[in-house]
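Everything on this sheet refers to the single structure shown next.
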């Protein structure tokens, strides 16, 4: 492989970098007039990137194994792209305002940098690349969490996130250093045979995996989630809960399957405990939240538990179901965040009790929110039901009966609190409900895409087949 | 023999100043103690004949990062006097857990120390070798992380500037020079 | 004499010189003990409060930019030793690296961070 084709092999990364540099230069060169078109242009450029990199190509490596590509990664990156695009569409409204308008260039650039970091994490073939990707996906994210710098909550959230992210990546590096000490290489392809479940490697593995659990916000590494989700600007919260989590959980799975295959007994045990804790703790705390962003934070912790349930089986089917779950989760969660974001932009209200009587004033928004809640809760015929069903099936296949039983019981508990939101909107009445809200066209399109996704994905088996086709090659 | 003495001096400096850096009640003193730790670490690299790492440690950490720390400290209102730690049950229980964790991992490391492969060859790493390794695209060469670092650094510059620069609270004055 | 012994000798000589100088200063210098001598100079008026003050954020931004280009320099150094050997491809790699970092400087300049007002 010659010099240039090493770079060109990384199609998604190079394309995204080109978009980023273009937008940065545009931000720097365009004057007052030009910046009016910045957001539409950014959206078009990113959409073009999404479409251009949508088709999988031949698996292979470049940079001597530093970058390791498999077709299934294109699927995952495509899902992340779609999610990011939806987040951008929902954020447009915010960055048209006086308050945040002068930071739109930075918002798009930094978000895309974190996305690039996630790409590198997904396609890395070496622990160094994984680590750089992880840092790239967390440091700029902390700055956009703290973007509303005159809001104390946002600043606090940013500080909490950067400190805990730094600490967790420190723990992770410690683990990696011991792995290197016992194995003598950091290439993913060289490591599996050298890992032989000796105590030192297990310890290193635990330290390493804690860093990734932090990114996925699995219990007991979840404590940052609620505060950061609440303090961050709503669109950034949406990005954190969907894109950041989705990519991290996929990377976790890749590493567990590819590198730590010999430690399967150990990581299944760890995951077992972590899943039970995540689903239960997430649910119990979600029950008592009134702030809807905190509520979704805890709901996303329990969703992370379900995602990890797809990993535990250790089979290709488990991998398929997990990618499918991420795909569905993107639409359900972003639909909810789209509604929350448009209500917050216009009225500044973020509590579930404020949502009382929403149906009488905003029937469409309440309907979309209802669909999102049904899908997150896993009510049949919506996509969320199918994704949960497949995840359970994958875990059952390997005999995790108790785990699935706990998960099913928790799903029923979760239905209760998801329906509380629906009840507030449709049944409860309020003296001063949120007035009728006009959202801009971009947000409408994003909500339309999410709704379509929630209703249709479950009904078209072809999506599942496609993911399965690519994930079996792993 | 001389090497051993230097090693113990450096190790002592690192250990003592690390503890002083975390226990000092004044931030600026902590930063100074940290500087000594970083310099002593640079000395360790020198002992191992890692000249490049030594240069990195001195210029980037003892130079750049320390300046950043000190500037960040100067941004604060107060020098951080009278900072009292409360010893409630949360602090106590987490302290006990941390010590237990430390003992466990320490025991594992000590008991399995033979499993760690000894890589330190002691021979000098040539700068030319490093250059080739850093710029190459073959296996055991690191061009991709090198390029990825530039994007990461760029993101850090832009993020830091976004957080720290003055707000103008005006959509139109996006670029400073337009006014 | 090998490198490390030389190092020890230099280290000890340095330390000895410093200690010697300071002790000599203590012993030889005339002494006057006065409370006001040790105070912060403030136009003759008695000082009030601490000397701590909050710095402008501009210094911090300069420190950030300094750090970034510090890192850049240190990364360029190994390349500089083998420029000829690596040829065009090495040059292109470094060019990408420098241009991407240069965008950061361009950004800082354009957003008015470098302006001292």
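Laboratory data are not the source of any read-out in this text; all were calculated from the coordinates shown. Computed from a predicted model, the values in this text were never measured in an experiment. Neighbour counts run over all protein chains shown; Cβ positions are idealised from the backbone, glycine included.
Among rounded, prolate and oblate, which fits the range A:109-207 when a ≥ b ≥ c are the square roots of the eigenvalues of its C-alpha gyration tensor, a/c under 1.5 means rounded, and a/b larger than b/c means prolate? Let's see the in-between values first.
Values: a/c = 4.65, a/b = 2.00, b/c = 2.32.
Cα axes put the range A:109-207 in the oblate bin.
Starting with the fewest neighbours, write out B:70, C:100 ranked by other beta-carbon atoms found within 10 Å of each beta-carbon. Don't skip to the end; give the middle numbers.
Details: B:70 19, C:100 22.
Ranked by crowding around the Cβ, least crowded first: B:70, C:100.
Just rank B:75, C:17, fewest to most, by other beta-carbon atoms within 10 angstrom. Walk me through the numbers on the way to the answer.
Details: B:75 14, C:17 10.
Ascending number of Cβ neighbours within 10 Å: C:17, B:75.
Run the numbers for residue B:8 and residue B:107: contour at 0.36 nm per residue of separation, minus the present Cα-Cα distance, in nm.
Full-extension gain reported as 33.4 nm.
Working out 0.36 nm times the residue gap between residue A:465 and residue A:273, then minus their Cα-Cα distance, what length gain in nm do you get to one decimal? Present the calculation step by step, with values, prior to reporting the outcome.
On the way: separation 192, 0.36 × 192 = 69.12 nm, distance 3.08 nm.
The residue A:465-residue A:273 span can extend by a further 66.0 nm.
Mind computing the radius of gyration and Dmax over the alpha-carbon atoms of the range B:126-166? Å is fine for both.
14.9, 46
Which value, to two decimals, describes the C-alpha radius of gyration of the range C:3-110 once divided by 2.2 N^0.38 Å? Walk me through the intermediate numbers first.
Numbers: Rg = 25.5 Å, N = 108, 2.2 N^0.38 = 13.0 Å.
Working it through for the range C:3-110, the quotient is 1.95.
With the crude spin-label approximation of a point 7 Å out along Cα→Cβ, what separation in nm comes out for residue A:193 versus residue C:84?
It works out to 4.1 nm between the two label points.
Determine the shape class of the range A:3-471: with a ≥ b ≥ c the square roots of the Cα gyration tensor eigenvalues, call it rounded for a/c under 1.5, and otherwise prolate if a/b is greater than b/c, oblate otherwise. Display every interim value, and only then the final one.
Details: a/c = 1.63, a/b = 1.22, b/c = 1.34.
Note, shape of the range A:3-471 comes out oblate.
Helix-derived [θ] at 222 nm for the protein assembly as shown: sum -39500 (n - 2.57) over DSSP H runs of at least 4, divide by residue count, nearest 500? Mind dumping the intermediate values first?
Values: 31 runs with 542 residues, N = 770.
Computed mean residue ellipticity for the protein assembly as shown: -23500 deg cm²/dmol.
So for A:190, C:2, C:70, fewest C-beta neighbours within 10 Å to most, what's the order?
Values: A:190 16, C:2 8, C:70 19.
Fewest to most other Cβ atoms nearby, the residues stand as C:2, A:190, C:70.
Report the residues of the range A:163-197 in range of a label on residue B:117: point 7 Å along Cα→C-beta, backbone N strictly under 20 Å from it.
Within reach of a label on residue B:117: A:173-197.
Can you work out D for the range A:218-278 in µm² s⁻¹ from Stokes-Einstein, where Rh is the Kirkwood radius over C-alpha pairs, the temperature is 37 °C and the viscosity is 0.692 mPa s? Walk me through the numbers before you get to the answer.
Details: Rh = 13.1 Å.
Diffusion coefficient, whole number: 251 µm²/s.
Determine the distance separating the Cα centre of the range A:324-389 from the Cα centre of the range A:35-99; give it in Å without decimals.
Taking the Cα centre of the range A:35-99 as reference, the centre of the range A:324-389 is 23 Å away.
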